Every structure is written in C-alpha cells, then in structure tokens.
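Let me begin by presenting the structure, written as structure tokens, before commenting on it.
Derivation of every value follows stated rules applied to the coordinates shown; laboratory data play no part. Since this is a predicted model, take the numbers as computed values, not measurements. With ideal geometry, Cβ positions are generated from the backbone for all residues, glycine too; neighbour counts draw on all protein chains shown.
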Amino acid sequence: MHGLIFFYMQKFADSLSKGGGEAAHMRATVVREPGRYQPSGVYPDEDAVRILESLAAVLSRPLPAIVAEFGEFLAPSLVKVAGPWIDPSWRTLDLIQNTETLIHSMVRTAKPGAEPPVLDTVRISADELQLVYSSRRRLCVLAAGLMRGMARHFGEKIDVSETSCMLKGDAFCSFTIRRVGGDTHASHSPLYETVELSFGASPSADAPLDLAADPLPDRIGDYQILSLVGSGTMGRVYAAHDARLDRRVAIKVMAPARSRDPAARRRFIRESKAAAAIEHPHVVAIHQVGECEGVPYIVMQLLEGCTLTSHHEAVGRLPLFEVLRIGQEISAGLTAAHGRGLVHRDLKPDNVILEGKSRSVRIIDFGLARDLAESDTKLTLDGSLVGTPAYMSPERIAAQELDARSDLFSLGVILYELLAGRLPFEGATVVAMLAAVGRGAPTPLAETAPDVPPAVCDLVMRLIAHDKALRPVDADAVATELADLRRRLRAG
C-alpha cells in the first residue's frame with residue numbers, strides 16, 4: 001500500500017486522540033519506528049490492517065466504522081494531492097467518475113507494479129452514478145468512506161448504497177451514488193451556472209481551465225488558505241486566514257486560463273470595484289483586491305451560512321412568508337447597488353447567501369456587474385454573452401441596453417421558483433432555455449402554485465414581464481410592495 005496512506009493514518013490518529021496516554025498510544029500504534037513510513041514508499045497491506053485494528057481496539061469501536069471514518073478523513077487530503085489532475089469545475093460525482101483516470105495518472109504511471117483498485121462507472125444522470133469496485137484488498141468500506149469524504153470536501157450531500165459486496169461473497173462491489181436534493185436544480189446543468197456563450201466562434205476556441213493549478217494552495221498573497229469553499233468555470237473561492245487582523249475571510253480567485261483573456265479579466269476585476277462601493281447589510285463586504293502570480297483575486301467577508309440554492313434543496317418549497325422576506329431583503333440589497341449605478345446581471349439563488357440562524361440575505365458575486373453609465377457594448381466586444389440562462393432577462397439575451405429592471409426580472413424568476421418549485425420557463429438545454437425566455441410566455445404562477453395569494457402571483461408575474469416597461473419601476477418599489485404584502489397577509 002502506498003506510503004501516503006500511512007502518512008495520513010498518523011494525522012487520522014492525531015485527530016481521534018483526546019490527549020494524554022491515549023494520544024501517545026495511538027501515535028505509537030501508527031509509527032512504531034521513527035521515519036519508518038515514508039509518503040513516497042510502498043508498504044505491506046498487513047501493516048495498514050494492523051494499524052486500523054489497533055486504533056479500533058484503543059477506541060473500543062468496530063473496525064469497519066474506523067475504516068469508513070478514515071476514508072472520510074483521507075478524501076480531502078487526497079483531493080489536494082491530486083490537484084494537478086483535477087478539473088476545478090468538478091464536483092463529487094465528477095471526481096468519482098474520473099477516479100480511475102486519476103489513479104492511472106498518479107499511481108500506475110509512477111509505480112507500474114502498484115495494485116490500485118479497478119473502478120468502472122456509468123453516469124446515469126447529473127445526480128446519479130453507478131460504480132463497480134474490484135480489488136483483492138476488498139476495501140469497499142474504505143471506498144464508501146472516501147466517497148462521503150469527497151462530498152463533504154465539496155460541501156455536498158450524497159447517498160451511497162451498496163448493491164453487491166465482495167465481503168458477502170460477490171465477485172465485485174457495486175455502488176449507487178446519488179446527490180441528495182436538487183429536484184429543481186441539477187447542479188451541473190449549465191442552465192443554473194454562469195456560462196459564457198461565444199458567438200461566431202467554434203467551441204474548441206474556448207480555452208480550457210488551467211488544470212495544472214493547485215486547487216488548494218498554501219497561501220494567496222498575505223493570506224493563509226484554509227479550505228476550498230467552491231469552484232466553477234469562472235474561478236474558485238477559498239476560506240483563508242488574515243493574520244494581520246486575525247480574522248477569517250473568503251478569497252475569490254479567477255480561473256488562471258480565463259485570467260489570460262483580457263475581456264474576462266476586466267469582468268472579474270469589475271466585481272471588486274462594483275461591490276466594494278456598496279455598503280449594505282444585504283450585500284457582501286469587499287475588503288481588498290490583489291494579484292498573485294498574475295492571477296487577480298478578491299478578498300471579501302467570509303459568510304457563515306448556505307446558498308439559497310442549498311436551502312431550497314434541503315427544505316423544498318419554502319413557506320410563503322420566508323419567500324416574501326427573502327425577496328424583500330434581496331430587493332433592499334439591489335436598491336443599494338442600483339443607487340450606486342450598478343446592475344448585478346447574474347442574480348440567481350447561488351449568488352444569494354442566507355447568513356446565520358436568521359438566514360439573513362447577503363448578495364454575492366458582482367462579477368458581471370456593470371456601471372449604468374457605461375455602454376454595455378464595452379463588455380460584449382469580445383463577442384460573448386455571459387450570465388446564467390435560467391435567470392437571464394430577455395433584454396440580456398438579446399444584447400439590448402440594460403438597466404436595473406434586468407435584475408428585477410432575475411429576482412422574479414427566483415421568487416417564482418421558490419413559490420412553485422419549478423422555473424417559469426422550460427428548456428432542457430441552454431439554447432432551449434434562452435429561446436423560451438426570449439419568447440416571453442411563462443406559465444402563470446397561479447397555475448403552478450394555486451395556493452399562493454393572487455397579489456403575490458401578480459407581483460411575481462410583473463417582475464418577469466417580457467417588456468421591461470411593465471415591470472416595477474425599481475427595486476425599492478419591489479421592497480416596499482413585498483413589505484406591504486407581508487403586513488397585509490399576516491393581518492389576514
């Protein structure tokens with residue numbers, strides 16, 4: 001077995017120890033001789049079994065439980081080590097699907113005599129994967145723990161069910177892995193992600209992300225990196241420690257390959273200038289903008305909470321009054337931004353954080369924000385359209401002049417989805433969704449959610465009106481109307 005596994009067993013033992021004699025016992029269990037296990041070496045499987053059995057005995061816990069917990073502990077570290085081979089846009093199921101290729105790149109190529117497990121996968125859907133595992137070691141419990149650890153690393157929840165098992169006499173182990181939640185949000189669907197559509201250029205002309213970039217560097221500028229919070233096609237977000245002010249912050253780093261595109265770079269830097277000018281309780285605070293090895297980054301407030309997407313997936317349809325409150329707070333944040341002459345242009349549930357126990361709204365990611373005084377053509381001279389199709393306004397799709405009412409359309413789509421559990425426009429692909437929004441014929445909210453009060457339905461449908469002249473005049477008017485609806489409906 002690879003020495004790297006033994007290296008992390010030491011760390012695992014330390015994480016389980018409670019101090020005193022138990023900690024010393026577990027440390028001695030893992031490393032019997034100083035320097036015996038080197039991360040670059042290969043050691044007998046029996047040593048690993050002995051170590052895990054000893055840990056189980058010290059803790060008086062079943063061996064399978066220790067093995068599974070070690071897998072969960074090990075996974076994030078292995079993801080970090082495998083950084084040069086991992087696409088930063090991957091999530092849990094993507095990584096599992098590509099593990100066999102990673103093993104070949106990292107293990108078999110370097111050590112032809114190594115015997116890593118054989119893995120084969122079939123992707124059933126964006127949220128479901130089937131995996132066949134075969135190994136003479138029969139460490140299927142460890143494999144299940146590793147998959148759960150990967151999910152925890154990416155901030156996702158998965159269900160792992162084993163339909164056959166070598167430990168029960170079957171020829172191989174087979175797993176079904178499902179991402180929990182996501183009936184209305186397929187997390188990998190481009191309908192819900194910020195995409196860049198280039199017109200008049202072949203898909204191959206779009207440079208891929210820099211896969212060689214370390215997904216978890218030790219430092220960025222003066223900040224110590226703690227963990228990867230999230231990543232996508234436009235960049236990555238890390239949790240970091242600011243030693244000067246002794247606080248935790250979030251750092252958004254532009255994807256290296258995209259930072260080489262001057263137009264994309266301008267769009268990214270625009271976020272810092274836009275959001276830093278806004279001081280409002282419902283907009284994330286920007287602390288600093290910098291550059292590290294030619295790649296721009298933004299330091300911002302680290303929020304403790306979850307995205308509106310995650311909250312919606314976890315609870316399903318939200319209570320009416322919670323939706324109205326969220327809408328009112330988003331409107332208040334937009335009012336502050338619009339008052340500064342800025343349009344968000346990519347408002348969506350993933351860019352709304354619900355902070356703390358009160359789930360107070362914080363709008364994030366002004367990466368596409370535009371100064372209202374600046375011509376929109378300055379951001380489209382590169383022939384591209386950037387945004388999230390499911391929430392993009394008709395005028396945005398048509399590359400027409402934008403104003404603050406484009407954000408109101410996106411807000412309307414969000415409210416519609418929270419109230420109805422589905423989107424107002426239907427389209428299985430990016431092109432189909434853009435066409436549906438462009439046609440401007442949403443399914444009436446009163447039909448998809450007949451229990452929603454008529455006055456609320458009326459406001460939402462006005463927000464997603466195809467003609468922006470028919471939408472509310474501004475975000476402040478929407479906030480006022482939502483506050484009034486909350487009062488009137490609560491009064492009965």
Amide proton proximity set for residue 124, modelled H, under 5 Å, gap of 5+:
129, 130
Figure the gain on full extension for residue 265 and residue 10 (residue separation times 0.36 nm, minus the Cα-Cα span) and round it to one decimal in nm.
87.6 nm
For residue 483 and residue 160, calculate 0.36 nm times their separation in residues minus their Cα-Cα distance, and state this gained length in nm to one decimal.
111.9 nm
So how do 42-48, 249-255 stack up, highest first, on mean other-Cβ count within 10 Å?
249-255, 42-48
Suppose R0 equals 22 Å; then what is the FRET efficiency for residue 168 and residue 43 from their Cβ-Cβ distance, rounded to the nearest 0.05?
0.20
Show the residues, 5+ positions off or on another chain, whose built amide H is closer than 5 Å to the amide H of residue 289.
299
Counting Lys and Arg as +1 and Asp and Glu as -1, what is the net charge of the other residues whose Cβ lies under 13 Å from the Cβ of residue 221?
-2
Scoring only Lys, Arg, Asp and Glu (+1, +1, -1, -1) among other residues with Cβ under 15 Å from the Cβ of residue 304 yields +4
Can you give me the distance in nm between label points at residue 61 and residue 227, each placed 7 Å from the Cα along the Cα-to-Cβ direction?
1.8 nm
Pairs 348/468; 80/348; 11/80; 273/468: which are spaced more than 23 Å apart, C-alpha to C-alpha?
80/348; 273/468
Could you work out how far apart the two model spin labels at residue 306 and residue 122 are, taking each label as a point 7 Å from the Cα in the direction of the beta carbon, and quote it in nm?
3.2 nm
